[in-house]
Amino acid sequence: MKQDIGRVAGIPVARMMGYFVVLLIAAIAALSFVINKVSEQEMADRQYISRIGDQKVLAQEIAKLANQAAQGELGAFALLQQRTRQFDEILQWESERTPEALTGSMQELQNFWKRYQKDVQTILKRREVVSTMREHIQKINEQIPTLLALSDEVVSDMVEKGASPEQIYIATRQLMLTQRISGNVNRVLAGGAEAVTAADRFGRDAALFGRVIEDMLRGNRNMRIHRIKEASTRAKLVKVQKLFRSIRSQVGGILERSPEMFQVSGAAESILGMSEQLPQKIQQLQEAYQAYIDKRTSSLWVNSLAGLIVLIIIGLAWLYRKDSQRRLAEIAEQSRQMEETNTNNQEAILRLLDEMGDLADGDLTVQASVTEDITGAIADSINYAIDALRKLVSAINETTQQVSSAAQQSQATAMHLAEASDHQAQQIMAASTAINEMAVSIEEVSNNAAELAEEAGRSVQIASQGSEAVQRNIQGMDTIRGQIQETSKRIKRLGESSQEIGDIVELINDIAEQTNILALNAAIQAAMAGDAGRGFAVVADEVQRLAERSADATRQIETLVKAIQSDT
């Protein structure tokens, strides 16, 4: 039963709990790692979604700013360029972090943005065109009210002077042309489908207005325009003419830059047409990315690890309960055994006390019962002590008898000693006399011994001096022995050197013989050469004599070396 409680599948509960704890730690570490990775992914996902939201806002701002820039708001150009750059940077950032599964959606957005960005760049590159057109149109708009007022005064003067209805109609038509010029010029800057038509009407109306003024001042029969003769009316016409000349220069600038302005307007219209599609493309990318997030198994891993940790904790709780049951069973068994042991001990103690009652009364024949209980060792010790007491009592009785008999022997011995003491006193007197005589003899011997001691001291001193001399002789002999050994070594080295010298001498002797032979050969060759070899023969003779001298010197050295070798 204990084995079943303390083990699970044959493995001790404590070891099993250790395994579960290690597994729990590993699962928690894995869960922490996965949670960390999931947190990083979620942070990256939030950042990606946030960038997509920024793109949507930027797409709307870019469309709005492009329209404003095309209509002549110069402050919108810097903002348009900034927003375009920001959108491009976000798109580049997204392309670097877009998963491979979303490459199609990202590529579609990039291609659409390239077309969109091309129209934006068209507007940004023609900022100077828009600025110039704005200046021209602004100046025209500033001068149109004055032109209308002067033209209206001309019409009033003609009515007052009684001009013909046809002439008044022509003058009144100038007011209409002025208004049309103002309206068309603003339409050119506003862009749109009517911009080209407005520019064409603007040019024709401006040209017609200028010709009519000149015809009213000079007259034109083909156009049925009579020359204005009244001085006041002519003066006002001249003012209108001068003012329109200034306007005409602005009209020329507008008509000259109109084609470029049409490109700006076309780009703005294209941007406006794509302004709804671009957010849709961004939204598609966002939805695709969200779907990709939903398909990821990160949360499944987290949930799986969390479930595993819960199962491990449940297993640990079950093992802990199992271990607690085992401990409680062991404690209960220990308690039962302790109760049995206490009962047995109490019975053994009572039995021992009963047996020791007779011992307290002096009965040394008592024998305590030796058992395996706690009192067994005590009973054994008591039995040993009782045995020792019995032996001690027996020994005391024997000793008492021995002391009694010894007392009787002591009394007899004392009487015998008294008699012996009288006889000993007599002998002591005789010994005293002999001792006095011995004292005198000892004194004489002492004097003789003192003299002998002095003689012995002197002998010791002489012996010490002799010992020192012997030591000095020994040291001198050691020094001589060392010198002899050193000399022997030197003689040995001298012998070895002489042997080497002999070898060298033998080599020199061989060289001398070879030189002598060479000199002889040279003399023979010189003799064969005749007169031409006489100089060489002299040299050969000299070399031969030198070789002979070297051979003689070598033989002398060899003789000396042999003498040294025989001595050593």
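Here, each number is a calculation from the coordinates, and none is a lab measurement. Source: prediction; values computed, not measured. Counting neighbours? That spans all protein chains shown, and the Cβs are built from the backbone with ideal geometry, glycine included.
For the cross-link pairs 139/242; 118/281; 161/242; 56/295; 139/236; 492/562, which exceed 19 Å when the distance is taken from alpha carbon to alpha carbon? As for pairs spanning more than 19 Å Cα to Cα, those are 161/242; 56/295; 139/236.
If you plug the beta carbon distance of residue 82 and residue 134 into 1/(1 + (r/R0)^6) with R0 = 25 Å, you get a FRET efficiency near 0.75. A simple charge model with +1 on the Cβ of Lys and Arg, -1 on the Cβ of Asp and Glu and nothing else charged puts the dipole of the stretch 79-236 at about 680 debye relative to its Cα centre.
Here the contact order of the stretch 142-261, divided by its residue count and restricted to Cα pairs under 8 Å and six or more residues apart, works out to 28 percent. Placing dummy labels 7 Å off each Cα toward the beta-carbon, the span from residue 220 to residue 89 is 5.9 nm. Computed from the C-beta positions of residue 488 and residue 542 and an R0 of 56 Å, the FRET efficiency is 0.75 to the nearest 0.05.
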